[in-house]
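Let me begin by presenting the structure, written as structure tokens, before commenting on it.
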Amino acid sequence: MSEITLNAKKREDYKESTLNQMRKKGVIPGIYYGHGVDNLEIAANELELRPIIYTTESHIVNLKFDENKSLSCILKDVQFHPVTDKPLHFDLFALKEGEVIAIEVSVQLIGNAIGIREGGILQHILHKLDIECLPSNIPSHFDIDISQLNIGDSIKVSDVKIDSVKILNDDNASIVAVVAPSVEKEPVAVDSETPAEPEVITKSKKEDEE
């Protein structure tokens, strides 16, 4: 698993108005927390955050402060603006040597499935897997080879094996599958030359007597 350095500063002002002013200047508030460590309110430049939050791979983050103190952690969560999609807040979780951690790791598909070449449709169902492992064993991502999948085939969680990593998802859950294309029913044509039924004209008893 690759490492990446993030320079940050401690912050003490928690007012929402102050935080909004920070965001307008390209500085994003965050928090560093974990088991047995003191929570630290921090802030980092958005440009430095981008390689960490805009990626499909997991990284160990070396968090550095003004006093050059470095803390090992991982990105746990990011909150985005619902309209602009800009980051509003980020969470970093402290890593401790020898302590198992739960984390999501992305799934990357490789290869070109046989079933797709035969007209099948690829369904990528699980884009991330939940795992538990020691920090030193965190994979940056999972590579899933789909090249041998025919129409009707799938790869389940139980098919993925990696040393020193426990996958928490249901073993029977499908990660990816190749399914047959749906067949649309053709509309039934109406024969325009079919003669229309004759109109039935009814008369009242009084009209018949007249």
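Quick notes
- Looking only at segment 79-100, and only at residues there that are assigned to a loop (DSSP other than H, G, I, E, B) and touching a strand residue (DSSP E or B) at 6+ places or on another chain (Cβ under 7 Å), the one that is nearest to residue 34 (Cα to Cα): 95
- Every listed requirement among (1) farther than 30 Å from residue 69 by Cα; (2) modelled with pLDDT of 90 or more; (3) not small (Gly, Ala, Ser) is met by residue 103 save one, (1).
- Residue 162 passes every criterion in (1) more than 30 Å from residue 18 (Cβ to Cβ); (2) surrounded by 11 or more Cβ atoms within 10 Å (Cβ to Cβ); (3) touching a residue at least 24 places away in the same chain (Cβ under 8 Å) apart from (3).
Conditions (1) of a type in the set (A, V, I, L, M); (2) assigned by TED's automatic domain parsing to the domain that holds residue 36, marked per residue:
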| site | (1), (2) |
| --- | --- |
| 72 | no, yes |
| 92 | yes, yes |
| 112 | no, no |
| 129 | yes, no |
| 142 | no, no |
| 149 | yes, no |
| 156 | no, no |
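- Some residue of segment 142-150 being exposed (fewer than 14 other Cβ atoms within 10 Å of the Cβ), at pLDDT 95 or above and small (Gly, Ala, Ser): yes
- Among the candidates 126, 122, 109, the residue that is in contact with a helix residue (DSSP H, G or I) (Cβ under 6 Å, 6 or more places away or on another chain), surrounded by 14 or more Cβ atoms within 10 Å (Cβ to Cβ) and modelled with pLDDT of 95 or more is uniquely 122.
- Looking across segment 26-46, the residues that are under 14 Å from residue 89 (Cα atoms) and either among the small types (Gly, Ala, Ser) or without any contact (Cβ under 8 Å) to a residue 12 or more places away in the chain (or both) come down to 26, 30, 43, 44.
So that you can scan it fast, the table gives a plain yes or no per residue for (1) at pLDDT 90 or above; (2) under 24 Å from residue 137 (Cα atoms); (3) part of a loop (DSSP other than H, G, I, E, B):
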| position | (1), (2), (3) |
| --- | --- |
| 9 | yes, no, no |
| 12 | no, no, yes |
| 30 | yes, no, no |
| 77 | yes, yes, no |
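- Top-ranked residue of segment 49-73 - restricted to ones that are touching a Leu at 6+ places or on another chain (Cβ under 6 Å) and in a strand (DSSP E or B), ranked as farthest from residue 38 (Cα to Cα): 61
The values are calculated or read from the model by the stated rules, or taken from the named source; none is laboratory data. Every value quoted in this text rests on a predicted model; they were computed, and no experiment measured them. Glycine gets a Cβ as well: all are built from the backbone with ideal geometry, and neighbour counts include every protein chain shown.
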